[in-house]
1. For the chain, what is the accessible area per residue in Å², given a 1.4 Å probe and the full set of protein chains?
2. Round to the nearest 0.05 the FRET efficiency obtained for D158 and K69 when R0 = 30 Å and r is the Cβ-Cβ distance.
3. Classify the stretch 87-153 from the C-alpha gyration tensor, please: rounded if a/c falls under 1.5, else prolate or oblate depending on whether a/b exceeds b/c.
4. Testing the spin-label approximation: label points 7 Å from Cα along Cα→Cβ at E61 and E23. State their distance in nm.
5. Quick one: with all protein chains in place, what share of the accessible area of the chain is carbon or sulfur, to the nearest percent (1.4 Å probe)?
6. Taking 0.36 nm per intervening residue step and subtracting the Cα-Cα distance, what contour gain separates D121 from S98 on full extension?
7. Check the straight Cα-Cα distances from K19 and name the aspartates and glutamates below 12 Å, setting aside those fewer than 8 residues away within the same chain.
Amino acid sequence: IHSALWASVVHERALDVAKEVGEYFLSEPFTYAGYLHVAPNRAMANALWGDVLLYQATGDERYKKAADKLVQVFLKGQRPDGSFLENYNPLLKTWGGSKHELYMGGYLVGALISYHELTQDERVKEMFLRLVRYLAPTEYTGPTILHGLSYAYLLTRDPFFIRSAEEN
C-alpha cells in the first residue's frame, strides 16, 4: 500500500507540473524574447502537442481552444509541396525562413498526429499526409518520421508509406 500511495503522489505532482507548463503554453510564448515577429515552427508545434495532451489529461477546454487556434495557423502555412517554413510572424501572420526538415519531423509530425487522433479533423489529416509525403524522402531518419510514416499508413493503407519506412 505504501508504494501505491507514493505512486499516486508522484502522478499527482507530475500532473500539477504539466498543468503549470500548460498555463505557460496558454500565454502563447512562441516568439523569441525581444523578437515578437519570430515564432519558430517548433515552438508552436511543441505547444500544440502539449495543448492536446493536456486537454486529454484534464478535459480543460482552454487547451483544446489553444490547439485549435494553432492548427489554423499551420493549415494556412503549409506550402504546396507539403512543407512548412521555419518561422511564423504573428504580427504579419506570414511564414518565412527556410525549410527545416528536422524541426518538421521532430516536432510537427507528432503534434499533428496527436491533434488528428483527438479530433479526426479531415483537413488536419490531409495536412499531415502532405507533410509526411514531403518528409519521407529527406535525409532525416529519426524515429518521429517513422512514427509519422506508420500513422500515415494506418490512415491510408498506401504502400508508399511502408516502403518509405523501410528505406528510413
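The values are calculated or read from the model by the stated rules, or taken from the named source; none is laboratory data. For clarity, every value in this text was computed on a predicted model and none was experimentally measured. Backbone-built Cβ (ideal geometry, glycine too); neighbour counts: all protein chains shown. In case anyone asks, the SASA skips ligands and DNA or RNA and just uses the protein heavy atoms, side chains included. Shrake-Rupley method; radii C 1.70, N 1.55, O 1.52, S 1.80 Å.
1. Working: 9270 Å² over 168 residues.
Value returned for the chain: 55 Å² of accessible area per residue.
2. Working: r = 30 Å, r/R0 = 1.02.
Result of the calculation: an efficiency of 0.50.
3. Numbers: a/c = 2.12, a/b = 1.19, b/c = 1.78.
Oblate, because a/c is 1.5 or more while a/b does not exceed b/c.
4. Each label point lies 7 Å from its Cα, and together they span 2.1 nm.
5. Values: 5310 of 9270 Å².
Reported share for carbon and sulfur atoms: 57 percent.
6. Numbers: separation 23, 0.36 × 23 = 8.28 nm, distance 2.76 nm.
Answer, rounded to one decimal: 5.5 nm.
7. K19 reaches D51, D60.
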